[in-house]
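Nothing in this text is a laboratory measurement; each read-out follows from the coordinates by a stated rule. In this text the structure is predicted, and so the values were computed from the model without any measurement. Positions of Cβ are generated from backbone atoms using ideal geometry, with glycine treated the same way; all protein chains shown enter the neighbour counts.
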Ligand SMILES: Cc1cc2nc3c(=O)[nH]c(=O)nc-3n(C[C@H](O)[C@H](O)[C@H](O)COP(=O)(O)O)c2cc1C
């Protein structure tokens, strides 16, 4: 699958997973895609805890109230360093973890698995910190995303996106479409 097909096929999957395990080799490939993401000042500030232990997954589901985590054979907790690049002019911890997460979504899709970016739901009731404590994440770091990963048992599709013309323009904001200058 090329990158454009993965971008088109990627979707937030909230259905059930087939019972088969995700081989560690595939989980490593997915996380290496995250590791290969760009990062501000090349600080590589994002860390990853890969969970394929059923008891831990059940505990994470209990903390978060997420049935999809409980039903997943594996998950990746994406961990941000909030102090990343604090010694530089700009902090980029959020951008770093977001870039890593998107790379992993595409890798998950390319390998035939499904996932969903669980982030907003972690911010309630101190859930992120509780998951972090469960996984031994240092108090100086923040669990920002959980990606449950497995073979989807149901079909899923990407939510509809607004058309190009509503969100992107050549050369100026909201510029009317004009003929391509290529070759002129
Ligand atoms: C920053 C961010 C936070 C998100 N948080 C959640 C979440 O907590 N729970 C959830 O089910 N989906 C979450 N999502 C997934 C979005 O709901 C989903 O990407 C969006 O509805 C578009 O659907 P699509 O991914 O199929 O294109 C989040 C996505 C992003 C990028």
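Between region 15-67 and region 134-150, what's the alpha-carbon centroid distance in Å? If we compute the Cα centre of each part, the gap is 9 Å. If you take the alpha carbon atoms of region 1-96 and fit the smallest convex hull around them, that volume is 133 Å³ per residue.
Any idea what the relative contact order of region 3-155 is, in percent, if you count C-alpha pairs under 8 Å spaced at least 6 apart?
On the way: 279 pairs, mean separation 54.1, N = 153.
Reported as a whole number, the value is 35 percent.
Taking the average, over residues, of other Cβ atoms within 10 Å as the packing measure, peptides 146-155, 126-135, 162-171 rank 146-155, 126-135, 162-171 from highest down.
Send over the per residue convex hull volume for region 95-184, Cα only, as a whole number of Å³. Write down the numbers at each step before the final one.
Values: hull volume 18.4 nm³, N = 90.
Normalising the Cα hull of region 95-184 by residue number yields 204 Å³.
Can you tell me how much longer the chain between residue 139 and residue 178 gets when fully stretched, taken as 0.36 nm per residue apart minus their C-alpha distance, in nm with one decimal? Show your work: numbers first, answer last.
Numbers: separation 39, 0.36 × 39 = 14.04 nm, distance 5.30 nm.
Once the chain is fully extended between residue 139 and residue 178, it gains 8.7 nm.
Between residue 9 and residue 36, the FRET efficiency estimated from the beta carbon spacing at R0 = 30 angstrom works out to 0.90.
Computed extension length for residue 44-residue 121: 25.2 nm, one decimal, from 0.36 nm per residue of separation with the Cα-Cα distance subtracted. With 14 Å as the cut-off, how large is the P(r) tail for region 7-53, expressed as percent of Cα-Cα pairs? Above the 14 Å cut-off, region 7-53 has 67 percent of its Cα pairs.
Between residue 94 and residue 159, the contour length at 0.36 nm per residue exceeds the Cα-Cα span by 21.0 nm. Directionally averaged projected area (the chain, Cα convex hull): 13.6 nm².
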